[in-house]
1. Scan the stretch 102-136 residue by residue and report those that are farther than 24 Å from residue 193 by Cβ, of a type outside the set (A, V, I, L, M, F, W, C) and crowded, with 16+ Cβ neighbours inside 10 Å.
2. Just to check your reading of the model, which residue among 83, 44 is crowded, with 16+ Cβ neighbours inside 10 Å and within 22 Å of residue 177 (Cβ to Cβ)?
3. With acidic (Asp, Glu), open to solvent by 10 Å² or more (accessible area, probe 1.4 Å) and closer than 19 Å to residue 296 by Cβ as the only criterion, which of 65, 51, 92 stands out?
4. Those residues that are in a helix (DSSP H, G or I) and open to solvent by 20 Å² or more (accessible area, probe 1.4 Å), I need them from the stretch 260-295; list them, please.
5. Return the residues of the stretch 129-172 that are part of a helix (DSSP H, G or I) and in contact with a His (Cβ under 8 Å, 6 or more places away or on another chain); say none if nothing qualifies.
6. Under the condition of being surrounded by fewer than 22 Cβ atoms within 10 Å (Cβ to Cβ) and at pLDDT 95 or above, which residue from the stretch 239-254 is nearest to the chain's Cα centre (by Cα)?
7. Take the conditions open to solvent by 10 Å² or more (accessible area, probe 1.4 Å), of a type in the set (Phe, Trp, Tyr) and without any contact (Cβ under 8 Å) to a residue 40 or more places away in the chain and apply them to residue 171. Does it pass?
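The values are calculated or read from the model by the stated rules, or taken from the named source; none is laboratory data. Computed from a predicted model, the values in this text were never measured in an experiment. Methodologically, a virtual Cβ is constructed for each residue, glycine included, from the backbone with ideal geometry; neighbour enumeration extends over all protein chains shown. The area values use the complete protein model at the heavy-atom level, side chains included, leaving out ligands, DNA and RNA. Shrake-Rupley method; radii C 1.70, N 1.55, O 1.52, S 1.80 Å.
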Amino acid sequence: GATRSPLNFRGGGDDGRATFINCVNEGKEEFSSYLSEAGANRASLERIIEEFAESHHDEVAFLLENMPKKHLREIPYEILASSITLSKRLREEAPWGGDVPLEIYLNDVLPYSCVTEPIEDWRPFLHAKFAQKAFDEAAGQASTAASIEKAALWLNENVFRELNVTYKAFYPGHHPDQGVFESMSLGYASCTGLSVILVAACRSVGIPARVAGTPSWTTDSSGESLVQDVAMHGLSKAGQNHNWVEIWYGGRWHYLGASEISEFDHTWFSNQASQAIEFNEKHGIFASSFRRTNATMFMPWKTAEDGETYFVVERTSSYTS
């Protein structure tokens, strides 16, 4: 579990309306600084700009402006191209696509990564495997919110079985922030790896999703009924970290344990989450953000010297109020 601070926090929070970086009506010269950071990957980024800067300007500008410098130097053309084209297509064609606000779409559907997992081209694979089934599951719902809720619950109940990935805390080859294909090859993932899979599956069908969690619970979970859930899905002791998923619908974020059969906003860790401490770098609740924010975090099992951080928004009050 986490025993030290993983957070570089400078105040601020998230009310579901994150500050939107305007990506519209800027000339191609805006991309020159990102190209200068790309090193040997410059040709891939130039190709992205040449092919998509006009037709998919919001997507290209958002990703280049917010991706880690490491990704500028490493991300393959194919992953950026599939993220840009498939995400925009889903915004136009998915049952809920047009009702997702642009700032939510850019930050929580479009990105190819969640936290510090390896870059993988999971979107075309997961889209082909699950999109039509998710759309069919949501058909006939009375509202966009109900459609997203229904489809996301279906994904959580079916994706892990279809991909043959189950929860396990420790196993040969394990590292917590596994990518989708890494977890599939191993057959196991911890709570972070499971969360990455569910976020990816949701994004692959146009549903806004992100990883959330706490660096350190303030209390133990208790009660005999929790024993099986904890064994199957995550860590439960005070001082241990845990990750789960937030999904946007109905104008706000709702939480769900990855690979858990439960309703939104009610799971085995709800009581523990309600005792988190707002703006506390060890005991708060935070959600990942591809968009640059005023707070960065490194994974609790890493150190600041590892250099792998990700941006977060403060979410504690949504769990404690």
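1. If the condition is that a residue be farther than 24 Å from residue 193 by Cβ, of a type outside the set (A, V, I, L, M, F, W, C) and crowded, with 16+ Cβ neighbours inside 10 Å, then 103, 105 are the ones that fit.
2. Values: 44 fails: within 22 Å of residue 177 (Cβ to Cβ).
Selected residue: 83, the only one of 83, 44 that is crowded, with 16+ Cβ neighbours inside 10 Å and within 22 Å of residue 177 (Cβ to Cβ).
3. Working: 51 fails: closer than 19 Å to residue 296 by Cβ; 92 fails: closer than 19 Å to residue 296 by Cβ.
After applying the criteria, what remains is 65.
4. The first filter runs over the stretch 260-295 and keeps only residues in a helix (DSSP H, G or I), leaving 270-273.
Correct list: 270, 271.
5. We begin by selecting, within the stretch 129-172, every residue part of a helix (DSSP H, G or I); these are 129-138, 144-163.
Correct list: 149 only.
6. Of everything passing the filter in the stretch 239-254, 254 is nearest to the chain's Cα centre (by Cα).
7. Working: open to solvent by 10 Å² or more (accessible area, probe 1.4 Å): yes; of a type in the set (Phe, Trp, Tyr): yes; without any contact (Cβ under 8 Å) to a residue 40 or more places away in the chain: yes.
Considered against the rule, which asks whether it is open to solvent by 10 Å² or more (accessible area, probe 1.4 Å), of a type in the set (Phe, Trp, Tyr) and without any contact (Cβ under 8 Å) to a residue 40 or more places away in the chain, residue 171 comes out as yes.
One line per residue, one yes/no per condition, for (1) more than 24 Å from residue 42 (Cβ to Cβ); (2) assigned to a helix (DSSP H, G or I):
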| site | (1), (2) |
| --- | --- |
| 72 | no, yes |
| 78 | no, yes |
| 83 | no, yes |
| 89 | yes, yes |
| 98 | yes, yes |
| 104 | yes, yes |
| 113 | no, no |
| 117 | yes, no |
